[in-house]
1. Convert each backbone phi in region 81-97 into a coupling constant with the Karplus relation 6.51 cos²θ - 1.76 cosθ + 1.60 (shift: θ = phi - 60°), then list the ³J(HN,Hα) values in order as whole Hz, x for Gly and Pro.
2. Excluding residues fewer than 8 places away in the same chain, name every one of the aspartates and glutamates whose C-alpha is closer than 18 Å to that of Lys84.
Amino acid sequence: AAAAVVQVQQRRHQQGKVTVKYDRKELRKRLVLEEWIVEQLGQLYGCEEEEMPDVEIDIDDLLDAANEEERALKLQETLVDCYKPTEEFIKELLTRIRGMRKLSPPQKKSI
């Protein structure tokens, strides 16, 4: 039993090291946004997350786009098979990602 406790503590310690390399505030914003997206897609498609069609919205890909119009086009293409109006969702998502940064892979901190 003591060995199991040590393993859990080591795992927690390893997880802690990984998240420290990223900006926690940015990660938190990203998580909240992703939860909002899933909720909105559920409403747009009228189903639970498990039943949702394979719709992937890549926030980093959107942030790579040259401008708002290109982002909106990418989203429209992604949601092309949605039968409900998507304009409000797209407008709100574009507003929410404004000012966000891409999550690049963690950099090794030099000592």
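Rule-based calculations on the coordinates, nothing more; no lab input. As the structure is a computational prediction, the values presented were derived from the model and not from experiment.
1. 8, 7, 7, 8, x, 10, 4, 5, 4, 4, 4, 5, 5, 4, 5, 5, 8
2. Of all the aspartates and glutamates, those that pass the test against Lys84 - Cα under 18 Å, at least 8 places apart if same chain - are Glu39, Glu48, Glu49, Glu51, Asp54, Glu56, Glu92.
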